[in-house]
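Coordinate-derived values only; no laboratory data. Please read all numbers here as calculations on a predicted model, not as lab measurements. Every residue, glycine as well, gets a Cβ built from its backbone with ideal geometry; the counts of neighbours run over all protein chains shown.
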Amino acid sequence: MDNVYAHTPRENDREWHDLKDHLVSVAEIAKSFAEPFQGERVAYLCGLLHDLGKFHPLFQMYLQKQADGENARSVPHAIWGAAFMYQLYWKKMKHPHAWKCFSLPIAGHHAGLHSPAYLSLTFEENLEKQQSHFLEILRQAESFLKEFVFPSIQQGIETLSFSETEREMWIRFVFSALVDADYLDTERHFHPELSQIRQPTISINYLWDCFVVNQNQLTNQANDTIVNRVRKEVYEECIRASDRPQGLFRLTVPTGGGKTRSSLAFALKHAVKHQLDRIIVAIPYTTIIEQTVNVYRGIFGDDAVLEHHSQVEVDDQKETGDERIIQQRLSAENWDTPLIVTTTVQLFDSLFNNRPSKVRKLHNLSRSVIILDEIQALPPELLKPTLDALVMLVKHCQTTIVLSSATQPFFEECKFLDVFSSVEVKEILPPVLVDEHFQQMKRVDYDIWKTPISLQELACFIQQQKQLLVVFNTRKEAKECVEFLQEDEGVFHLSTLLCGAHRRRILDEVRERLRKNEPVRLISTQVVEAGVDLDFPIVMRQMGPLDRIVQAAGRCNREGKMDKGKVIIFETKEMSSPKGPYKTAMETARSLLAKKQPDDLHNPNIFREYFRRLFAAVDLDSKNIQKARETLDYPLVAEKYRLIDQDTVSVIVPYAEALEHLRMWESSPSRHLFRRLQPYIIQLYRFEAVKKERDGWLREVADNVYEWLGDYDEKVGIKEEVHDPFSLIG
């Protein structure tokens, strides 16, 4: 066959994508991606073989029909390069781990990672039933195999000493390198102009220089207060610690102590010192993301920060040559920028996923600094696999991780968690200084109401206050409270069913009212309780996990302008009983508070006791994910590992410029245009989206991306009653 192609010509162009060029290019890119975690030889071979099946004349005929505008049935191709390695390493060389390292990523580069058991059965069936098809591929690819593949096989593969779960994650990272390389080279063919946009224009060194200038300006403007003195000491310790070798670090800072800014200072200077590629800030609450991104863009400029909390969920469960699906696949994020702010859900669900569009970005976690903000918010029932993955990153991927919080869990002190035994947790701030800071930052008095009150009674109390923040466990109770107060002046509401741009505007207005001493009563779910820069004289927090209560208290007298603010812990008569680990955490907090004085909440060591009790009461791998990982059952791991128990979908709401950006993205799907939609997206459970679409409230604009067609209220967001996926997560 004279001319063999990987893809049809790009639009308005006659230039086909040469298959040999594509395979070699993908191999080279994947090799460079896999170098930090010692996977370059495996990734290179996977790149060479991932589209081996396209050498068959039937696939070439399929491409020609696609180019001619004919409807043509797709010809599966991903399985054959994987089958080649299966036959070579299992049938001939009897090397059980080698065929898995190669075959799993190759076979899954379109449809996702399978389990070895499923794949070996598929190989046996295909090799038996389609032996002639396979032999024809090898015949057509003979010269390519001799020139590129066989010399690479003779070099052997990496020999690395891994535990079973480390091997599982390592194969996932090789898969990520292959998928991203494939997508990038395909994008370079179809959209060379977008490929040019990807060329890095901002470096870590540039970001550090910008940060130093901004920090000097801030320092010169700061007043000499206790809060600012603590922030200065935290910043200086972070700068000092940044010169230390890469590894796992812990940053413990009381709320309001400048943790967000100082952790970024550590990350930037540490990345410069060790010549790392990027900084990833993972945050459990989208409200904090919006605030953090605004701060960062104020320092570095709009284009320097990638805000990523919603994903284009494309159909990557099957092979296809359909160009529309290919375009959507190319728009999936790969985190190739130097500063990313994302959600904890996005980070960890991707780490344990098996779908190409989700896993594409993982290789870029290597040679990075990852700041895990509010680390205490990780679901306890997933802690064993979660922490095990973090250790893998530190040990094998040249990654530095910062566990950042005012309410530190101290995982290594739990007898049920031994995953940190192979790495040292380094304290950024000396423990003595941490204790001093917590005592110096005692800015509130706690008041625990012993008797539950009704929502109506609570609303009457709220009406008597000029400025206060009330944080509920669930959106339902928060919304009911707002309904009692909706005629009052200065009542605002926040939940995850308001889009980010809307929440941002509300927070700006709330801050302005606080500054002018005007009436402002903010009724919120947990989206506001950690890290959000608010400064109320009174904060009320519904009884919940101890760390959530103290985090909410950080929104009270934040700048220390009052002698003491007031934090009220309350329960309502209507309060529904949560289930699972959240209920266990609430009961643990209630039990602990019954034996403590309110002032004990200012002692950081109370969280040592609290988390020891909590971790002893919760199964830290309740879904037996580690066992599934040991057998490389990637679909089962993806099914079981969910920070949010059920699937969610992205819903674009009609707020501000959302629909204008949506129409542009629909006409020309791209990663760049989808980023513009991020501030206008909320998340709904998939089962609800199906019902809402059937009832005419939603229109699907891409796989798992919808447009909201119903009302969008200035107070409560979308008006149809829906369940909040983040109601007990933040």
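Before moving on, here are some points about what is shown:
- Across the cross-link table entries K358/K640; K65/K129; K269/K426; K100/K358; K54/K146; K31/K361, which are compared at the Cα atoms, the separations over 19 Å belong to K65/K129; K100/K358.
- Stokes-Einstein D in µm²/s, Kirkwood radius over Cα pairs - region 411-455 at 10 °C with 1.306 mPa s viscosity: 107 µm²/s
- Where Rh is the Kirkwood radius over Cα pairs, Rg/Rh for region 50-149: 0.99
- Partner aspartates and glutamates whose Cα lies under 12 Å from the Cα of K573, excluding those fewer than 8 positions away in the same chain, are identified as E457, E477.
- Charge tally in the Cβ shell below 9 Å around E529, where Lys, Arg are +1 and Asp, Glu are -1, E529 excluded: +3
- Proximal aspartates and glutamates relative to K415, as straight alpha-carbon distance under 18 Å, when same-chain residues fewer than 8 apart are discounted: E381, D388, E424, E609, D619, D621
- Label point distance in nm, Q154-D508, each placed 7 Å from Cα along Cα→Cβ: 6.5 nm
- Given K479/K516; K20/K395; K442/K516; K561/K583; K516/K595; K466/K579, the pairs whose alpha carbons are separated by over 30 Å: K20/K395; K561/K583; K516/K595; K466/K579
- Using every pair of distinct Cα positions in region 644-718, the Kirkwood expression returns a hydrodynamic radius of 12.7 angstrom.
- Of the residues I106, I370, the one with the fewest other Cβ atoms within 10 Å heads the list, and the complete ranking is I370, I106.
- Relative to its Kirkwood radius, the Cα radius of gyration of region 461-523 gives an Rg/Rh of 0.94.
- By the beta-carbon count within 10 Å of each Cβ, the least crowded to most crowded order of W90, W697, W708, fewest first, is W90, W697, W708.
- Evaluated at q = 0.14, 0.17 Å⁻¹, a Debye calculation over the C-alpha positions of region 579-730 (equal weights, vacuum) places log10 I(q)/I(0) at -0.90, -1.01.
- Residues whose amide H lies under 5 Å from that of F249, counting only those 5 or more places away or on a different chain, are I401, V402, L403, K426; hydrogens are built 1.01 Å from N in the peptide plane.
- Length released on extending from Q221 to I644, taking residue separation times 0.36 nm less the Cα-Cα span: 148.1 nm
- Rounded FRET efficiency, nearest 0.05, which uses the C-beta distance separating H274 from E11 and R0 of 41 Å: 0.45
- Two-decimal log10 I(q)/I(0) for region 5-197, as the Debye equation yields it once each C-alpha is a single scatterer, q = 0.13, 0.16, 0.19 Å⁻¹: -0.67, -1.02, -1.40
- Angle between the chain longest axis and helix 40-49 axis [Cα atoms, degrees, rounded to 10]: 50 degrees
- Per-residue ellipticity at 222 nm from helix content only, as computed over the chain with -39500 (n - 2.57) for each DSSP H run of at least four residues, stands at -14000 deg cm²/dmol.
- In degrees, nearest ten, helix 204-221 long axis to first principal axis of the chain (Cα): 10 degrees
- ³J(HN,Hα), Karplus 6.51/-1.76/1.60, whole Hz, each residue of region 161-168, x for Gly, Pro: 8, 10, 6, 4, 6, 5, 4, 4
- 3J(HN,Hα) along region 442-447, derived from phi through the Karplus expression 6.51 cos²θ - 1.76 cosθ + 1.60 where θ = phi - 60°, amounts to 6, 10, 9, 10, 8, 10 Hz, with x in place of Gly and Pro.
- Residues whose placed amide H lies under 5 Å from that of V701, excluding near-sequence neighbours: Y706, E707
- Where GluC sites (Glu not before Pro) fall in DSSP loop in region 24-122, at most 16 other Cβ within 10 Å: E70
- Proximity of backbone amide H atoms, modeled 1.01 Å from N, is registered between I718 and D713 at under 5 Å, excluding neighbours fewer than 5 places apart on the same chain.
- Inter-label distance, R694 to R73: 3.2 nm, where each label sits 7 Å from its Cα along the C-beta direction.
- Candidate lysines for bridging to K691, where Cα separation is under 19 Å - those fewer than 8 sequence places away on the same chain excluded: K719
- Across the alpha-carbon set of the chain, the Rg to Rh ratio works out to 0.99, Rh being the Kirkwood radius.
- Counting every other Cβ atom within 10 Å of each residue's Cβ, L49, L429, L23 order from fewest to most as L429, L23, L49.
- Cα centroid separation - region 590-638 against region 543-572, whole Å: 22 Å
- Reference-scaled alpha-carbon Rg (2.2 N^0.38 Å with N residues) for region 559-621: 1.36
- The long axis of helix 116-129 is offset from the longest Cα principal axis of the chain by roughly 20 degrees.
- Couplings 3J(HN,Hα) of region 541-547, computed from phi: 10, 4, 3, x, x, 4, 5 Hz, in residue order, whole Hz [Karplus 6.51 cos²θ - 1.76 cosθ + 1.60, θ = phi - 60°; x for Gly and Pro].
- Scaled radius of gyration (Cα, divided by 2.2 N^0.38 Å) that region 123-239 gives: 1.98
- Length-normalised contact order for the chain - Cα pairs under 8 Å, 6+ apart - percent: 14 percent
- Sparsely packed loop sites in region 500-562 (the trypsin sites (Lys or Arg not before Pro) outside DSSP H, G, I, E and B with at most 13 other Cβ atoms within 10 Å) comprise K516, K561.
- A Stokes-Einstein calculation at 37 °C with viscosity 0.692 mPa s, built on the Kirkwood radius of region 442-603 over Cα pairs, returns a diffusion coefficient of 206 µm²/s.
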